[in-house]
Structure formats: structure tokens, C-alpha cells
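Novice: Starting off with a structure, shown below.
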Amino acid sequence: MTAQLKFSNVTLGYDRHPAVHHLNGEIAAGSLLAIVGPNGAGKSTLFRGIVGILKPLAGTIGLGDLKPREIAYLPQSVDIDRTFPISVFDFVGTGLWRSTGLFGGLGKKAGRQIADALAAVGLNGFENRTIGTLSGGQMQRMLFARVLLQDARVIVLDEPFNAIDAKTSADLIGLVRHWHAERRTVLAALHDMDLVRANFPETLLLARGAVAWGATSQVLTADNLLEARRMCEAFDDGAHACAIDAARPRAA
Amino acid sequence: MIYDALIAPFIDFEFMRRALAGVIALALGGAPIGVFLMLRRMSLVGDAMAHAILPGAAVGFLFSGLNLFAMTFGGLIAGFSVALLAGLVSRVTEIKEDASLAAFYLVSLALGVTIVSMRGTNIDLLHVLFGNILAMDDQTLLVIAFNATITLVILAVIYRPLVIECVDPVFLRTVSRAGAPAHLAFLALVVINLVNGFHALGTLLAVGLMVLPAGIARFWSRDITGMMMIAVASAAISGYLGLVLSFQTKVPSGPAIILVAAALYVVSVLFGTVSGLVRQLFPGRHLEA
């Protein structure tokens with residue numbers, strides 16, 4: 001078991017306020033890890049740190065031989081301009097960026113790959129629709145198709161099943177299991193504890209810091225969940241500089 | 001009769017042929033840029049930038065008269081300075097980018113008009129404000145054609161990152177560093193095409209052949225490739241019909257071209273197949289599935 005991701009005393013945040021505070025730990029290659037915690041616990045922030053959009057305030061996130069751009073990242077889909085006139089086919093095709101780059105054309109092989117990906121998420125026949133015509137569930141299926149094409153060793157899904165009906169989330173969780181079977185490392189932020197218990201062998205319970213991290217059944221206990229809820233507070237504008245760093249002796 | 005009105009002017013007069021070549025080059029370069037301006041909700045930014053290039057062109061004019069290269073070069077420098085300064089001010093202070101751009105372009109426009117009137121006559125001022133496509137010399141035509149060519153080549157290079165940055169900027173950031181350079185290159189193309197339009201249509205109307213055709217295209221196509229084709233075609237048609245109109249009625253050429261484009265725009269708003277008004281009033285019966 002080699003570590004795919006390694007958190008060394010990572011603090012991530014905004015305007016000096018930590019959203020993830022002094023996180024330590026490793027994620028083994030091929031893990032299927034659920035990240036749970038209340039709103040504001042730092043789940044999305046942690047993901048933004050992993051994919052390199054947010055620089056840590058302190059500490060490091062080790063990726064080993066992996067480049068940040070080789071991680072497939074599915075954010076909560078608020079930033080997509082759904083009025084933009086692009087077809088489902090072209091949108092999903094952007095997932096092939098690593099092989100096509102700036103100029104590479106989408107040839108026959110790419111066309112087949114895109115068709116297969118759309119079929120895998122149950123969107124056959126949607127190729128020429130513009131993305132603005134999709135329902136919420138279809139949108140999420142399309143985003144999964146793009147992740148599929150990215151063919152990444154590490155896949156990071158931020159609350160992928162929010163506002164998605166049972167049928168769609170069951171289909172998509174099937175894909176997640178399939179990725180796990182392919183030995184890819186999959187991280188997903190989730191709120192549905194039953195779904196986590198049924199599908200994810202490992203869980204990180206996050207509330208700025210790690211409340212518990214390990215086998216799902218041992219992490220998701222009533223005590224731990226209660227503690228997570230208590231630890232998560234609003235930013236304090238009058239907060240002092242974090243004492244942990246100051247107290248640590250400088251390397252001689 | 002129709003021949004006399006539509007074709008004869010271009011056969012009889014060289015300046016009409018030259019003007020026609022000019023507007024077609026403008027359409028080829030400017031219209032696709034206009035489509036991206038519209039899709040990025042930057043149409044008014046384009047308009048503001050058009051005014052911002054004036055002082056640069058005016059300084060060029062001050063030093064070397066109606067010399068094309070000096071005015072083009074000055075315009076490019078002024079355009080970039082305003083774009084960068086506005087971006088900088090909005091990033092380091094609380095003010096939003098649109099507000100800071102508005103402030104800078106107003107200063108720019110006032111400065112430009114002042115500089116032109118310091119040396120030139122009212123005719124020069126009119127030339128700068130409204131352009132004169134009928135008085136283009138070979139050099140001007142070559143510069144316009146060159147700029148249009150450059151535009152199409154660069155647009156082809158940055159097309160994919162530009163599109164992805166419009167739809168899903170976070171995704172682009174996670175797969176590539178091309179986002180910021182593509183955006184800057186796009187701004188450069190906006191400025192280059194404004195300078196282009198500036199020669200033919202003047203500072204006030206330069207953005208017209210970019211924004212109006214894009215608006216027209218939105219009503220006829222749901223697809224970005226289709227939009228760009230339609231935008232180019234409608235810009236070229238507006239240019240041609242505008243020249244004819246100007247020739248027959250003595251309306252100045254710049255406003256004539258823009259008025260034709262505006263007429264096409266109104267027709268598109270009314271009858272466009274994609275969310276045109278008539279289409280909305282009589283949508284046909286709903287489908288089964």
C-alpha cells in the first residue's frame with residue numbers, strides 16, 4: 001500500500017482564517033474514501049487544496065509522482081455557465097484534454113470514447129443537445145462522463161449526489177465502484193450516511209481537523225458525529241494567530 | 001436598375017471596391033470576436049475599450065498626421081494600458097472591474113478628443129470619431145486585412161481554452177494553465193479589432209460590426225460555430241448594403257453600415273428562430289415528448 005496523497009500538517013483557508021486546520025494523514029493508492037462533516041467543515045476547501053486551486057496557508061499536500069493536473073475534480077456544479085451554446089458531445093469531449101491538449105482534433109477514436117462515456121452514464125442520444133437543456137440529474141451524469149474520459153488515477157468528487165434522485169445516484173455510485181475496482185483512488189464529499197456506510201470502506205470525518213479517520217463503521221459513530229458538529233464554528237474575526245505553529249520549536 | 005443600384009458602384013469606382021474589401025476583412029476578424037464578447041457578457045466592455053483607444057490614436061495623429069501605423073500603434077498601446085490599468089485597480093481595490101473600466105474610458109475619450117482638437121480641424125475630429133471607410137488607401141486596407149488574418153490565426157490557437165474558460169473555468173484551471181494567457185490573448189484581439197474598426201467606422205462605431213452581428217447570430221443559432229458563421233455573414237452583408245446605401249443616399253458610410261446591421265438586428269429580434277419574439281408568440285403546439 002503506497003500513499004497516493006499525503007497531508008503534512010496542512011492548513012487551508014481564506015484570509016488567514018483556517019477552514020482545514022492542521023490536518024495530517026495519508027490516503028493510500030486505490031482507496032475509496034468518503035469525506036463527511038457538517039457544512040463549513042472544510043471538505044470543499046480540502047479538495048481545492050488537493051487539486052491545487054488553493055495554496056495551503058501552512059503545511060504541504062504531497063502528491064508523490066502525480067501532477068495536480070492529473071487529478072479529475074468534480075466541484076459542486078455552480079460555476080458552469082449553462083447558457084453557453086455548447087453541445088453535450090463537445091462538453092464531455094473536454095475531458096480528453098490530456099490527450100488532445102490545445103489543438104488535437106477529436107477524431108474517430110475520440111468520438112467513440114465520448115459515445116462510450118455517454119452510454120456509461122445513460123445519456124445515449126444526448127450528443128447534440130446543448131448543455132442548457134439538461135435537467136439537474138442529466139447534468140450530473142454528463143459531468144461524470146467527463147470525469148470518466150479524464151482517465152485519472154485520482155478522482156475527487158465534491159458532493160456529487162446533492163439534489164440528485166435515487167435512481168441517478170444509484171447509477172452514478174455504480175460508476176464510483178467501478179473506478180474503485182480499477183484501482184483508482186476516489187475521494188467523495190458526502191452527506192448521506194447510509195450511502196457512505198453501504199459503499200465506502202473508509203471515511204474521514206472532518207470538522208476543520210480530522211475528528212476520526214479510518215474504517216467507516218468505526219468513524220461514523222454517534223459520539224464522533226456529535227463531536228464534529230460541536231467543533232465546527234464560524235470564523236472568529238478577532239481570532240489570534242494560531243499558537244500551534246509558534247509553540248513548535250524551530251528546527252535547529 | 002438593380003444592377004445600377006447594387007453592382008455598378010463597385011465596378012465604376014475603385015474606392016467602393018476598396019471599401020468593400022475593407023468591410024469584408026472587418027467582418028471576418030471582428031464578428032467572431034464579437035460572438036465571444038457576447039458569450040462572455042463583455043459586449044459593453046468592448047464598447048468601453050473602443051473609446052479607450054482614442055488618445056493613443058490621437059497622439060499618433062498629433063505626431064504624424066493621419067498616418068496609419070502611428071495611429072494603429074498608439075491605439076494598441078492605449079487600449080492595452082486601459083485594459084490592464086482597469087484590471088489592476090479592480091484587483092487591488094474594492095471597486096469592480098466594470099466601474100473602473102468606465103472611469104478609465106471616460107478619461108481616455110476626453111483626453112483623445114482634446115488631443116485631436118489641439119492640432120487638427122473639425123474634419124479631423126469627425127474622421128477620428130466616425131472614421132471614413134470610403135477614403136481608405138492601400139496601406140490602410142493592408143493593415144486591416146493583416147489584422148483580420150492575425151485575429152483568425154490567434155483565435156484558432158486559443159479557441160479551445162477560450163471556450164472552456166467560458167463554460168467551466170474551474171475545470172480549465174484543473175487541467176491546464178492556458179486559461180489566463182488565452183484570456184489575455186483574447187483581450188489583445190479585442191483591441192486589435194477595435195483599432196481595425198476605428199479606421200473604417202471611427203471610435204464611436206468601431207464596436208458596431210463586432211457586437212451587432214453577434215447579437216444577430218444569437219437569434220439564429222444555438223451552436224457556437226453556427227453563431228460565428230452567421231455573425232461573419234451578417235457583418236459582411238451589413239457592410240455591403242451599408243456601402244450601397246451610403247453611395248445612393250449620401251448618408252456617411254460608417255453610420256450607414258451600422259444602421260443596416262441594426263435593421264438586421266431588429267428583424268432577428270422579431271423573427272429569429274431561436275427565441276425570436278414572433279416565435280415566442282406563436283410557438284406551435286407542444287410536443288409529445
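Novice: So how strong a dipole does segment B:94-189 carry about its Cα centre when Lys and Arg Cβ are +1 and Asp and Glu Cβ are -1, to the nearest 20 debye?
Specialist: 220 debye
Novice: A further question on this structure: State the answer as a single residue: which of B:Leu20, B:Gly46, B:Ala58 lies farthest towards the positive end of the charge dipole of segment B:12-127, with beta carbon charges of +1 for Lys and Arg and -1 for Asp and Glu, about the Cα centre.
Specialist: The listed residue farthest towards the positive side: B:Gly46.
Novice: Quick one: among B:Phe13, B:Phe69, B:Phe130, which has the greatest mean-square fluctuation in a GNM of chain B with alpha-carbon springs under 10 angstrom?
Specialist: B:Phe13
Novice: In the protein assembly as shown, if every C-alpha pair distance is counted and binned at 20 Å from zero, what percent goes to each bin?
Specialist: Over the protein assembly as shown, the share of Cα pairs per 20 Å bin runs 19, 41, 29, 10, 1 percent.
Novice: Average partner chain C-beta neighbours within 10 Å, per residue of A:128-137?
Specialist: 1
Novice: A further question follows. Mind ranking A:114-121, A:103-110, B:234-241 by how tightly packed they are, going by the mean number of other C-beta atoms within 10 angstrom, highest first?
Specialist: Ranking the peptides A:114-121, A:103-110, B:234-241 by packing returns B:234-241, A:114-121, A:103-110.
Novice: What's the average, rounded to a whole number, of partner chain beta-carbon atoms within 10 Å of each residue's beta-carbon in B:156-165?
Specialist: 3
Novice: Straight-line reach from A:Lys6: which aspartates and glutamates have Cα under 15 Å away, leaving out those fewer than 8 places along the same chain?
Specialist: A:Glu26, A:Asp65
Novice: A follow-up question, please. Taking a ≥ b ≥ c as the square roots of the eigenvalues of the Cα gyration tensor of segment B:74-198, is the shape rounded (a/c under 1.5), prolate (a/b larger than b/c) or oblate? Please list the in-between numbers first.
Specialist: Values: a/c = 3.59, a/b = 1.42, b/c = 2.54.
Judged from the Cα gyration tensor, segment B:74-198 comes out oblate (a/c at least 1.5, b/c at or above a/b).
Novice: In chain A, with Lys and Arg counted as +1 and Asp and Glu as -1 at Cβ, which of these residues, A:Ala207, A:Pro38, A:Leu157, has the Cα nearest the positive end of the dipole, that is, farthest along it?
Specialist: Checked the options; the winner is A:Leu157.
Novice: Right, next: Past the 32 Å Cα-Cα mark, which pairs from A:Lys43/A:Lys167; A:Lys67/A:Lys109; A:Lys109/A:Lys167; A:Lys67/A:Lys108; A:Lys55/B:Lys96; A:Lys55/A:Lys108?
Specialist: Numbers: A:Lys43/A:Lys167 25 Å; A:Lys67/A:Lys109 26 Å; A:Lys109/A:Lys167 30 Å; A:Lys67/A:Lys108 28 Å; A:Lys55/B:Lys96 24 Å; A:Lys55/A:Lys108 39 Å.
From A:Lys43/A:Lys167; A:Lys67/A:Lys109; A:Lys109/A:Lys167; A:Lys67/A:Lys108; A:Lys55/B:Lys96; A:Lys55/A:Lys108, over 32 Å: A:Lys55/A:Lys108.
Novice: Same structure again: What is the magnitude of the charge dipole of segment A:1-138 about its Cα centre, with +1 placed on the Cβ of each Lys and Arg, -1 on the Cβ of each Asp and Glu, and no other charges, expressed in debye to the nearest 20? List each step's numbers first, then the result.
Specialist: Numbers: 13 positive and 9 negative charges, 30 e Å.
Dipole about the Cα centre, nearest 20: 140 debye.
Novice: Please give the peptides B:102-112, B:148-158 ranked by average Cβ packing (other Cβ atoms within 10 Å per residue), highest first, as a rough proxy for protection.
Specialist: The packing order, highest mean first, is B:102-112, B:148-158.
Novice: Quick check: from the Cα gyration tensor, does segment B:74-115 come out rounded (a/c under 1.5), prolate or oblate?
Specialist: Taking the square roots of the gyration eigenvalues as a ≥ b ≥ c, segment B:74-115 is oblate.
Novice: Here's another thing I want to ask about it. Taking the alpha-carbon set of segment A:82-226, what are its Rg and Dmax in Å?
Specialist: 17.1, 55
Novice: Top mean-square fluctuation among B:Val266, B:Val143, B:Val167, Gaussian network model of chain B, C-alpha springs under 10 Å?
Specialist: B:Val167
Novice: Still on this structure, please answer the following. Which order do peptides A:58-70, B:174-186, B:18-30 fall in by mean Cβ count within 10 Å, highest first?
Specialist: Working: A:58-70: 14.6, B:174-186: 17.8, B:18-30: 23.6.
Descending packing order for the listed peptides: B:18-30, B:174-186, A:58-70.
Novice: Sticking with this structure for a sec: So what is the relative contact order of chain B, in percent, for Cα pairs below 8 Å that sit 6 or more residues apart?
Specialist: 26 percent
Novice: For A:90-102, what's the mean count of beta carbons from other chains sitting within 10 Å of each residue's beta carbon?
Specialist: 4
Novice: A further question follows. Which of B:Val269, B:Val45 has the fewest other C-beta atoms within 10 Å, and how do the rest follow up to the most? If you can, show how the numbers build up before the last one.
Specialist: On the way: B:Val269 16, B:Val45 21.
By the 10 Å Cβ count, ascending, the order reads B:Val269, B:Val45.
Novice: Distance from the Cα centre of segment B:92-107 to that of segment A:5-78, in angstrom?
Specialist: That distance is 35 Å.
Novice: Does chain B come out rounded, prolate or oblate, given a ≥ b ≥ c as the square roots of the eigenvalues of its C-alpha gyration tensor, rounded meaning a/c under 1.5 and, failing that, prolate meaning a/b above b/c? If you can, show how the numbers build up before the last one.
Specialist: Details: a/c = 1.79, a/b = 1.06, b/c = 1.69.
Taking the square roots of the gyration eigenvalues as a ≥ b ≥ c, chain B is oblate.
Novice: Sticking with this structure for a sec: If you build a Gaussian network model of chain A, linking Cα atoms that sit under 10 Å apart, which residue out of A:Leu148, A:Leu187, A:Leu220 swings the most?
Specialist: The residue that fluctuates most here is A:Leu220.
Novice: Just from its helices, what would the mean residue ellipticity at 222 nm be for the protein assembly as shown, if runs of 4 or more DSSP H residues each count -39500 (n - 2.57) and the sum is divided by every residue, rounded to the nearest 500 deg cm²/dmol? List each step's numbers first, then the result.
Specialist: Working: 25 runs with 327 residues, N = 541.
The helix contribution divided over the protein assembly as shown gives -19000 deg cm²/dmol.
Novice: When the expected Rg is taken as 2.2 N^0.38 Å, what fraction or multiple of it is the alpha-carbon Rg of segment B:6-145?
Specialist: On the way: Rg = 16.9 Å, N = 140, 2.2 N^0.38 = 14.4 Å.
Here the answer is 1.18, to two decimals.
Novice: Still on this model: How large is the charge dipole for segment B:1-141, taken about the Cα centre, if only the Cβ atoms of Lys, Arg (+1) and Asp, Glu (-1) carry charge, to the nearest 20 debye?
Specialist: Dipole of segment B:1-141, to the nearest 20 debye: 400 debye.
Quick note: the coordinates plus some simple rules give every number you see, no bench work behind them. Bear in mind that the values here come from a model prediction, so they are computed numbers and not experimental data. Counting neighbours? That spans all protein chains shown, and the Cβs are built from the backbone with ideal geometry, glycine included.
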